[in-house]
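Beneath this line is the structure, given in structure tokens, with notes to follow.
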């Protein structure tokens, strides 16, 4: 059975990732600089290929300031204008080309149902011409650049694309540090394309690296293989027949550990395998957020959530094979019921759930993810000052390692690479 891709979208950088920019930019830029130097009456050496390629992936004004720090603003503007003119001539002349394997990868991802986006530190005219020349318009759902509305940085582009696609289940693919920064500013994994244009000393943080674009599809399948392996290790699935070994599963961990997407993807994976699965959000049973104060953590959780409603009306009936009603709709008594949320190590809940998987990630990463998805600074501060300390206190009282069937590292949304 083919391995599904569980992500909703992939956002690509353009130059050096989808487009083989180095094939035309260096010659065009050198020609443009030569023209500009003649107009300015400057007798100086034309920069080499390394200098021109160092600009790709960054806003051009930034790149030209780095390469020509001795020129004044007007001189740099003229050099940049002439280089852009030559670049446009090269693109219109058919010199632009896709990176090896790029078209096949885009076609395959669209066939798999993923939304595809482009985020590029370029101008609107260049983005439009490149899409036309490379035939990307028919493959890419949306594209953003520095001229797009509400955009000042590549992070803004990625944020806007995520809103357009209506998901946070996405991956960023790029070759330079702005791509990594944009991905992590939005709480997404970054896949670094090693054959791109990054310099040797460029610091790029990534969750995975691929040598070429054809390696992307199997990499995106890794999350499904990772989740399935965790279900086997937690004795949710039978290791040989891939049949259910239990009827109820809890997915828990601290805020921003990835619980909701993990639970959603468990459901997608099992349904793809022909196994019925329903997901229940513990927050649907929230009565009132009463996590502040000096009382015991157990009392706070019991006051904040309707434990009886969840256990008596959902978990236990499902374990008996009876249909249950959830906020997202009715669920049959067949298959697996997944409950996801905080505090599932509460003794009553833990006793009701046959299996529990805890997702664990470094608190610094959790804070970065929270900042990426939380637009209200006051709410983010409240989470940092109140909710996370409360979650730490809860974990101290009910240690996950001692009570869970499995504690899984969840710092990488792509999933852990297979051993060996």
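In segment 25-32, is there at least one residue being over 26 Å from residue 213 (Cα atoms) and without any contact (Cβ under 8 Å) to a residue 24 or more places away in the chain?
Filtering segment 25-32 down to residues over 26 Å from residue 213 (Cα atoms) leaves 29-32.
Subsequent filtering for residues that are without any contact (Cβ under 8 Å) to a residue 24 or more places away in the chain retains 30.
Yes, because at least one residue in segment 25-32 is over 26 Å from residue 213 (Cα atoms) and without any contact (Cβ under 8 Å) to a residue 24 or more places away in the chain.
Taking the conditions exactly as written (part of a loop (DSSP other than H, G, I, E, B), surrounded by 16 or more Cβ atoms within 10 Å (Cβ to Cβ) and in the same structural domain as residue 278 (by TED's automatic domain parsing)), does residue 344 satisfy them or not? When the stated conditions are applied, residue 344 passes them. Scanning segment 185-213 for residues that are in a helix (DSSP H, G or I) and surrounded by 21 or more Cβ atoms within 10 Å (Cβ to Cβ) gives a single hit, 213. Does residue 284 meet the test of being without any contact (Cβ under 8 Å) to a residue 12 or more places away in the chain, part of a helix (DSSP H, G or I) and not assigned by TED's automatic domain parsing to the domain that holds residue 168? Answer is no for this residue.
Looking at segment 218-244 only, could you name the residues that are farther than 29 Å from residue 173 by Cα and surrounded by fewer than 17 Cβ atoms within 10 Å (Cβ to Cβ)? Don't jump to the end; show me each part of the working.
Let us first name the residues in segment 218-244 that are farther than 29 Å from residue 173 by Cα, namely 232-244.
Of everything in segment 218-244, those that are farther than 29 Å from residue 173 by Cα and surrounded by fewer than 17 Cβ atoms within 10 Å (Cβ to Cβ) turn out to be 232, 233, 235, 238, 239, 240, 241, 242, 243.
Quick grid of which residues meet (1) modelled with pLDDT of 90 or more; (2) assigned by TED's automatic domain parsing to the domain that holds residue 386; (3) part of a helix (DSSP H, G or I):
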position: 271; (1), (2), (3): yes, yes, yes
position: 274; (1), (2), (3): yes, yes, no
position: 298; (1), (2), (3): no, yes, yes
position: 303; (1), (2), (3): no, yes, yes
position: 309; (1), (2), (3): yes, yes, yes
position: 314; (1), (2), (3): yes, yes, yes
position: 317; (1), (2), (3): yes, yes, yes
position: 322; (1), (2), (3): yes, yes, no
position: 330; (1), (2), (3): no, yes, no
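Taking the listed residues 109, 146, 134, the one that is within 27 Å of residue 3 (Cβ to Cβ) and at pLDDT 95 or above is 109, with no other qualifying.
All conditions but one from (1) surrounded by 14 or more Cβ atoms within 10 Å (Cβ to Cβ); (2) over 17 Å from the mean Cα position of the chain (by Cα) apply to residue 392; the one that does not is (1). Conditions first: (1) within 19 Å of residue 16 (Cβ to Cβ); (2) touching a residue at least 24 places away in the same chain (Cβ under 8 Å). Residue 201 passes all but one, so which condition is the exception? Residue 201 satisfies all of (1) within 19 Å of residue 16 (Cβ to Cβ); (2) touching a residue at least 24 places away in the same chain (Cβ under 8 Å) except (2).
Assess whether residue 35 counts as being outside any loop (DSSP other than H, G, I, E, B) and more than 23 Å from residue 196 (Cβ to Cβ). Answer is yes for this residue. If you go through segment 160-184 and keep only what is under 15 Å from residue 13 (Cα atoms), touching a strand residue (DSSP E or B) at 6+ places or on another chain (Cβ under 8 Å) and outside any helix (DSSP H, G or I), you end up with 170, 171, 172, 173, 174, 175. The number of residues in segment 229-243 that are modelled with pLDDT under 95 and either in contact with a strand residue (DSSP E or B) (Cβ under 7 Å, 6 or more places away or on another chain) or under 21 Å from residue 321 (Cα atoms) (or both) comes to 3.
Scanning segment 52-90 for residues that are in a loop (DSSP other than H, G, I, E, B) and either more than 16 Å from residue 122 (Cα to Cα) or touching a strand residue (DSSP E or B) at 6+ places or on another chain (Cβ under 8 Å) (or both) turns up 56, 57, 68, 69, 70, 71, 72.
When restricted to residues that are farther than 21 Å from residue 103 by Cα and touching a residue at least 24 places away in the same chain (Cβ under 8 Å), segment 146-164 contains 11. Filtering segment 391-406 to residues that are touching a helix residue (DSSP H, G or I) at 6+ places or on another chain (Cβ under 7 Å) and in a helix (DSSP H, G or I) leaves 393, 394, 397, 403.
In this structure, is residue 247 under 21 Å from residue 276 (Cα atoms) and either modelled with pLDDT under 95 or more than 21 Å from the chain's Cα centre (by Cα) (or both)?
yes
Taking into account only those residues within segment 92-106 that are modelled with pLDDT of 95 or more and part of a helix (DSSP H, G or I), which is surrounded by the fewest Cβ atoms within 10 Å (Cβ to Cβ)? The selected residue is 104.
The values are calculated or read from the model by the stated rules, or taken from the named source; none is laboratory data. Bear in mind that the values here come from a model prediction, so they are computed numbers and not experimental data. Ideal geometry is used to build each Cβ from the backbone, glycine not excepted, and the neighbour counts take in all protein chains shown.
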